[in-house]
Each structure stands twice: as structure tokens, then as C-alpha cells.
Amino acid sequence: MTETQLISKSTQIDARGPRFGAAITAVLLLIDLFLALVQSPADNVTARLVQPATVILIPIFGLFLYGSIAGVQKHPYGRLFAKYVKPKLNNPGELEDAAAPTFAQAVGAVVTGIGLVLHLIGVPLALPIAVAAAFVAAFLNAAFGYCLGCEIYLLLRRAGIVRGAKTS
């Protein structure tokens, strides 16, 4: 398959959709970070599992995981953007390949998943560190349009480690 065929087969999205989702994610992660920092240490897995910061991070992890599997255009935030926000905006100047933001969702799932697992087995500060890392990435995307996961994807593409549509 040629690069031109790859481009035509790739899914093009409005980049404002992932930024919208990143804004929602950043707010949720900021709340979660606060809760993770103020919660008392728990003695066992069950107690750690029901802590408020853990309870909030589990669905965030699930959303990252879903977005990485289904794609950002099928992510609940992507659907909210498409249905309620995008119709009120002007057409985007240009579209982007969905592969990079979808890969970024996988990075978010890995970061939050590792934080959750380490927290549940009792590693101190694992949860707030993972949440803080995910928050920084989501905030950078929401506020400045700088997607860290997308940049990782592009670096891996240039190194030939992952394949996808042609990138600039």
C-alpha cells in the first residue's frame, strides 16, 4: 500500500475534538490529584480501592483505554464534541489523522493504569504521581494544543517503530 493510499484510508478528525476531551480530562484529573494528595494512606488493597481518588481514576483509566481501542472519534468526549460543540464552531482550518490522538489515549491508559496498579499494591505516592503526569499532558493539550502522546507517536513513526498514515 502506498503512502497516498494510507492517507486516504486514515481517519481525519477535527483537532479541536481531542482538545475538548483533554479539557474535561484535565479538570477531572486536577480534582483527582487534589483528592490523592489529601487522602490518608490505606492499609490494604480493599481500603485503597474505595478511596475517592481511586474511585475517580478508575473510570478515567477506562475512558483512556476505550479511546485507545475504539478511537478518539468514538470516545464519549469525541461524541459530545461532535454532537454539541462542533455544530456551533466554524469549520476547522485543517483536519488531522486520528492515529496520533488515539495513540495518546493509549499513553494515558498506560500512565494511569500503572499508577492504579502500583497504588493498589501499596506503593506510596504512585497514584498522585501518575495522576499529575496525566494531568500535565491533558492540560498541555487543552490549553496549548500540545499533545505529548501525539508527539511520542510521531517520534515512534519517524523511528519506524509504529506504522500509520503519512505525517508531516
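The values are calculated or read from the model by the stated rules, or taken from the named source; none is laboratory data. Every value quoted in this text rests on a predicted model; they were computed, and no experiment measured them. Glycine also receives a Cβ, built like all others from the backbone with ideal geometry; neighbour counts cover every protein chain displayed.
Some points to look at:
Condition check ((1) among the basic types (Lys, Arg); (2) in a helix (DSSP H, G or I); (3) more than 13 Å from the chain's Cα centre (by Cα); (4) surrounded by fewer than 22 Cβ atoms within 10 Å (Cβ to Cβ)) across all residues:
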site: Gly62; (1), (2), (3), (4): no, yes, no, yes
site: Gly67; (1), (2), (3), (4): no, yes, no, no
site: Arg79; (1), (2), (3), (4): yes, yes, yes, yes
site: Val85; (1), (2), (3), (4): no, yes, yes, yes
site: Asn91; (1), (2), (3), (4): no, no, yes, yes
site: Ile114; (1), (2), (3), (4): no, yes, yes, yes
site: Ala130; (1), (2), (3), (4): no, yes, no, no
site: Gly149; (1), (2), (3), (4): no, yes, no, no
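- Conditions (1) surrounded by fewer than 16 Cβ atoms within 10 Å (Cβ to Cβ); (2) of a type in the set (Gly, Ala, Ser); (3) closer than 16 Å to Arg16 by Cα; number of the one not met by Ala142: (1)
- In segment 20-40, residue nearest to Asn141 (Cα to Cα) [restricted to those that are free of Cβ contacts under 8 Å to residues at least 12 places away in the same chain and in a helix (DSSP H, G or I)]: Val27
- The set of residues in segment 116-128 being outside any helix (DSSP H, G or I) and of a type outside the set (A, V, I, L, M) consists of Gly122, Pro124.
- Subset of segment 93-112 (residues that are in a loop (DSSP other than H, G, I, E, B) and either among the hydrophobic types (A, V, I, L, M, F, W, C) or at pLDDT 95 or above (or both)): Ala98
- Long-range neighbours under 6 Å by Cβ, at least six apart or interchain, first residue within 13 Å of Gly113 (Cα to Cα) within segment 41-63, second hydroxyl-bearing (Ser, Thr, Tyr) and part of a loop (DSSP other than H, G, I, E, B): none
- Which listed residue is in contact with an Asp or Glu (Cβ under 7 Å, 6 or more places away or on another chain) and not small (Gly, Ala, Ser), from Leu120, Leu80, Leu57, Leu127: Leu57
- Close contacts from segment 68-89, counting a first residue that is in contact (Cβ under 8 Å) with a residue 24 or more places away in the chain and farther than 13 Å from Ala104 by Cα and a second that is of a type in the set (Phe, Trp, Tyr) and surrounded by 13 or more Cβ atoms within 10 Å (Cβ to Cβ), with Cβ to Cβ under 8 Å and a gap of 6+ residues or different chains, come to Tyr77/Phe20; Leu80/Phe20; Phe81/Phe20; Val85/Phe20.
- Flag if Phe34 is closer than 28 Å to Arg157 by Cα and out of contact with any Asp or Glu (no Cβ under 9 Å at 6 or more places or on another chain): no
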